1. Name the single residue, out of those in the range 106-152 being of a type in the set (Lys, Arg) and either more than 21 Å from Pro238 (Cα to Cα) or not assigned by TED's automatic domain parsing to the domain that holds Ala184 (or both), that is modelled with the lowest pLDDT.
2. So in the range 186-208, with the set limited to residues that are buried (at least 18 other Cβ atoms within 10 Å of the Cβ) and over 20 Å from Glu117 (Cβ atoms), which one is farthest from ligand 1 (Cβ to nearest atom)?
3. If a residue must be polar (S, T, N, Q), modelled with pLDDT under 75 and under 22 Å from the mean Cα position of the chain (by Cα), how many such residues does the range 42-93 contain?
4. For the range 209-226, enumerate the residues that are among the charged types (D, E, K, R) and within 16 Å of Arg199 (Cβ to Cβ).
5. Across the range 209-226, what is the total count of residues that are more than 10 Å from ligand 1 (Cβ to nearest atom) and more than 18 Å from Ala184 (Cα to Cα)?
6. Condition first: outside any loop (DSSP other than H, G, I, E, B), among the polar types (S, T, N, Q) and within 9 Å of ligand 2 (Cβ to nearest atom). Now tell me which residues in the range 199-226 satisfy that.
7. If Asp190 satisfies every condition in (1) assigned by TED's automatic domain parsing to the domain that holds Leu118; (2) away from ligand 2 (no atom under 16 Å from the Cβ) but one, which is the exception?
Amino acid sequence: MRYTRHYEMRQDPGATTTSALEPALLALSWDTILRDLYFTQDTGCPEDAPGLLEAFQQRVRTELGEALDDAATALEQSLQRLCVESGVETFTQLAGVVPDATARDRIRQAMKAVARELARKALDRALDELLEQIHQRILATCSAAGLIEEIRALIRRLLSKSELEVFDVLTGTVCANSDLAASARSTGSDAVAYLLRARSKEWVTESDKRVCTICLGNKVIGELPLSSRFPSGHPTPPAHPGCRCWLRYHTGTPFWVTL
Ligand SMILES: [Zn+2]
Ligand SMILES: [Zn+2]
């Protein structure tokens, strides 16, 4: 049985374009899976060809990485804004004055690398998750016709999911509400606390009944040196998805005094 007809049908006619990911995913599903996994093999499960699977995964990573590049840049900028915002708050709290233009500029500079790393990690995590799902579906499907249907269904699932988890997060539109935003704010505060040579940090929770035992454990330990980890193993919030905690820092020396 040959699958030329499917191979030539590059786009699912029933699919509606919901994000920039779709063309990349569709191209990958038809081109790579069918050609690399099936046109080179007449029999057997794809798992008989681990080398092909690896090559396929590598290609997904590269192509989707490129497709998501603009989104990652937008995310980076949006994370940088959050880092700077919380950095400025921490500065004001610790130094007792609002940072002047020079200090703001130094904070902004310090946050560039931080935001880039956060954005790249988020993109890698999104790609890892995607690859794992594709991998599982390929291994679970031993017929080519079945695989085509599986991949189509997977693409639909990924696209509906990516709207929130990949695309919205990567473009920063829901950044203010996401755990990624919490990480950016924490990282921003922490970087400024280091710049200001803060003496210690303290885990602060909301004061309601929704606070979990993990976060309470971090709170009751009290003040810790900046480089220490809290009992949960985290140096800063969030301790888990949906964590609403933040850090309070204690007196530091402005970095322009010590530099
Ligand atoms: Zn918690
Ligand atoms: Zn928490």
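The values are calculated or read from the model by the stated rules, or taken from the named source; none is laboratory data. Just so you know, these numbers come straight off a predicted model, no measurement behind them. A quick note on method: Cβ atoms are made from the backbone with ideal geometry, for glycine too, and the neighbour counts reach across all protein chains shown.
1. Top of the filtered list is Arg152.
2. Leu196
3. The qualifying residues number 1.
4. Glu223
5. Final tally of qualifying residues: 7.
6. Within the range 199-226, just Asn218 meets the criteria.
7. Of everything listed in (1) assigned by TED's automatic domain parsing to the domain that holds Leu118; (2) away from ligand 2 (no atom under 16 Å from the Cβ), Asp190 misses just condition (2).
Residues are listed down the side, and each one gets a yes or a no for (1) touching a Leu at 6+ places or on another chain (Cβ under 9 Å); (2) aromatic (Phe, Trp, Tyr); (3) buried (at least 16 other Cβ atoms within 10 Å of the Cβ); (4) within 25 Å of Glu202 (Cα to Cα):
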{"site": "Ser86", "(1), (2), (3), (4)": "no, no, yes, yes"}
{"site": "Leu94", "(1), (2), (3), (4)": "yes, no, yes, yes"}
{"site": "Val97", "(1), (2), (3), (4)": "no, no, no, yes"}
{"site": "Thr102", "(1), (2), (3), (4)": "no, no, no, no"}
{"site": "Lys112", "(1), (2), (3), (4)": "no, no, no, no"}
{"site": "Leu123", "(1), (2), (3), (4)": "yes, no, yes, no"}
{"site": "Glu129", "(1), (2), (3), (4)": "no, no, no, no"}
